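Step one of this worksheet: look at the structure below.
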Amino acid sequence: MDESCASGSPPCPPCVTLSISADLTGQARAAYVHVPFCAHRCGYCDFTLVAGRDDLIDDYLAALEVELRSLGHPRQVDTLFFGGGTPTHLPADQLDRLLKMVLHWFEPTADGEFSVEANPYGLDGEKVQALARNGVNRVSLGVQSFDAAHLETLERDHRRDDIVAAMERLRGSSIRSVGIDLIFAVPGQTVDNWRSTLDQAIALAPDHISTYGLTFERGTAFWSRKLKGTLRPVPDETERGMYALAMDRLPEAGFQQYEISNFARPGHRSRHNEVYWRAESHYGVGPGAAAYLDGTRRLNHRSVTTWIRRTLAGQPAHGETETLSPEDRAREGIMLGLRKVEGVERDRFAHQFGLDLDELVGSTIQEMCGRGWLEDTGEAIRLTREGRFVADTVIAEFL
């Protein structure tokens, strides 16, 4: 892999002409920006990122500006989301530069949602001020756990005190919505451990809580350790009990479950993620980012250095482009829509995709209802509580 792009001065963005792909010039009301930097890669992570390569940040910013210029003109969006990686890993001055650059091209509406993912460790007052000063109104904090042993297993670099301090700084700012991400089914974790994690999260009074079961993705360090037998997943029954506990405990504390993994207080749903679950168009910039416009999906190069090198050379940032057929778009809409607690509404589906839900997948609906995994209200189909435990299995039946 050629990583020489960081060794010299990058081309000045205004002097580079990027080949504009047709699918980037469409219209959408949501935008995602991928920031691929972390202090280190956690063993379970398979996201597009580089760890310990802060020398690439300036080149990344230069390349991102080139890609943004391919939009041709600024776009107004309802939701803007910075993910990673860890966007707040950037030093405060570079974080400020990143936010200002993107805001020139993607301007949130007056009531728009502007979200940034953050790590509790290193989220100092200067970075929080940079977020607030640039209009960020929602932060998703990668807490994962409060238990020191489980944080160590997950190879996280923060501890409980860092979480509390980060929450205090965010609550002391103008950022109105703060969410917490949690991971359950950590090796060695019990249901009682998970109950304690949920209770500690609730005690911090966040506006949103996401709960994700740990997965062992091929190619990650955790996958290798699992194969070697040095890292043992929790039993399926234990993981099921943990998910059931989240579905019971969080609503009791005032959080409404609105998606398989997501719970929110009233008015604090992730509007950006709802764009994905509704299969609506969205922009995506940065390495590994996906854009979906007018039925065409464009995926940027996952290699950070390749994305930087190609973009600064005036070559397209994307490596893959796929145009979906009307039926494939509709089936994907079902797959994503079933993640929502309210499910897939028949009228909305027909209006969005121009197809009749029952003509397309009527027999599958009947089969899944017969198994008790799906509920059909007449107006919509949605997962039952039992269906949420086997959501991947149910969703696969519609593809």
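Can we say Ala165 is among the hydrophobic types (A, V, I, L, M, F, W, C), assigned to a helix (DSSP H, G or I) and modelled with pLDDT of 95 or more? Step through it out loud before you land on a result.
Numbers: among the hydrophobic types (A, V, I, L, M, F, W, C): yes; assigned to a helix (DSSP H, G or I): yes; modelled with pLDDT of 95 or more: yes.
So Ala165 fits the description; yes.
Show the residue pairs that are 6+ apart or on different chains and have beta-carbon atoms under 8 Å apart, the first residue being within the range 184-200 and touching a residue at least 12 places away in the same chain (Cβ under 8 Å), the second being in a loop (DSSP other than H, G, I, E, B) and surrounded by fewer than 17 Cβ atoms within 10 Å (Cβ to Cβ).
Correct list of pairs: Ala185/Pro233; Pro187/Arg232; Pro187/Pro233.
Within the range 143-183, take every residue that is without any contact (Cβ under 8 Å) to a residue 12 or more places away in the chain and touching a strand residue (DSSP E or B) at 6+ places or on another chain (Cβ under 9 Å) and give me the one that is surrounded by the most Cβ atoms within 10 Å (Cβ to Cβ).
So, considering only residues that are without any contact (Cβ under 8 Å) to a residue 12 or more places away in the chain and touching a strand residue (DSSP E or B) at 6+ places or on another chain (Cβ under 9 Å), the one surrounded by the most Cβ atoms within 10 Å (Cβ to Cβ) is Leu151.
Restricting to the range 99-142, give me the number of residues that are more than 13 Å from Ala31 (Cα to Cα), among the hydrophobic types (A, V, I, L, M, F, W, C) and touching a strand residue (DSSP E or B) at 6+ places or on another chain (Cβ under 7 Å).
Counting residues in the range 99-142 that are more than 13 Å from Ala31 (Cα to Cα), among the hydrophobic types (A, V, I, L, M, F, W, C) and touching a strand residue (DSSP E or B) at 6+ places or on another chain (Cβ under 7 Å) gives 5.
Give all pairs with beta carbons closer than 7 Å in which a residue from the range 65-94 that is free of Cβ contacts under 8 Å to residues at least 60 places away in the same chain meets a residue that is basic (Lys, Arg); count only pairs at least 6 apart in sequence or on separate chains.
Close Cβ pairs (under 7 Å, with a partner that is basic (Lys, Arg)) amount to Thr88/Lys127; Ala92/Lys127.
State which residue is surrounded by the most Cβ atoms within 10 Å (Cβ to Cβ) when the search covers only the range 316-372 and only residues that are among the small types (Gly, Ala, Ser) and in contact with a Phe, Trp or Tyr (Cβ under 9 Å, 6 or more places away or on another chain).
The qualifying residue surrounded by the most Cβ atoms within 10 Å (Cβ to Cβ) is Ala317.
Within the range 301-315, can one find any residue that is farther than 26 Å from Phe389 by Cα, in contact with a strand residue (DSSP E or B) (Cβ under 7 Å, 6 or more places away or on another chain), of a type outside the set (A, V, I, L, M, F, W, C) and surrounded by fewer than 17 Cβ atoms within 10 Å (Cβ to Cβ)?
Scanning the range 301-315 turns up no residue that is farther than 26 Å from Phe389 by Cα, in contact with a strand residue (DSSP E or B) (Cβ under 7 Å, 6 or more places away or on another chain), of a type outside the set (A, V, I, L, M, F, W, C) and surrounded by fewer than 17 Cβ atoms within 10 Å (Cβ to Cβ).
If we keep just the residues of the range 95-114 that are in contact (Cβ under 8 Å) with a residue 40 or more places away in the chain and over 27 Å from Gly267 (Cα atoms), which is surrounded by the most Cβ atoms within 10 Å (Cβ to Cβ)?
Leu98
This table checks each residue for (1) assigned to a loop (DSSP other than H, G, I, E, B); (2) more than 25 Å from Pro74 (Cβ to Cβ); (3) over 21 Å from the mean Cα position of the chain (by Cα).
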{"position": "Leu103", "(1), (2), (3)": "no, no, no"}
{"position": "Glu113", "(1), (2), (3)": "no, no, no"}
{"position": "Gly122", "(1), (2), (3)": "yes, yes, no"}
{"position": "Glu126", "(1), (2), (3)": "no, yes, yes"}
{"position": "Val136", "(1), (2), (3)": "yes, no, no"}
{"position": "Val139", "(1), (2), (3)": "no, no, no"}
{"position": "Val143", "(1), (2), (3)": "no, yes, no"}
{"position": "His150", "(1), (2), (3)": "no, yes, yes"}
{"position": "His158", "(1), (2), (3)": "yes, yes, no"}
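Can you tell me which residue in the range 205-217 is surrounded by the fewest Cβ atoms within 10 Å (Cβ to Cβ), limited to those that are out of contact with any strand residue (DSSP E or B) (no Cβ under 7 Å at 6 or more places or on another chain) and touching a residue at least 40 places away in the same chain (Cβ under 8 Å)?
Glu217
Tally the residues that are in contact with a helix residue (DSSP H, G or I) (Cβ under 7 Å, 6 or more places away or on another chain), part of a strand (DSSP E or B) and over 16 Å from Thr321 (Cα atoms), restricting the search to the range 263-289.
1
If I ask for residues that are without any contact (Cβ under 8 Å) to a residue 12 or more places away in the chain and in contact with a helix residue (DSSP H, G or I) (Cβ under 7 Å, 6 or more places away or on another chain), which ones from the range 290-349 would you list?
Passing the criteria: none in range.
The values are calculated or read from the model by the stated rules, or taken from the named source; none is laboratory data. The model shown is predicted, which means the values in this text are computed figures rather than measured ones. Glycine gets a Cβ as well: all are built from the backbone with ideal geometry, and neighbour counts include every protein chain shown.
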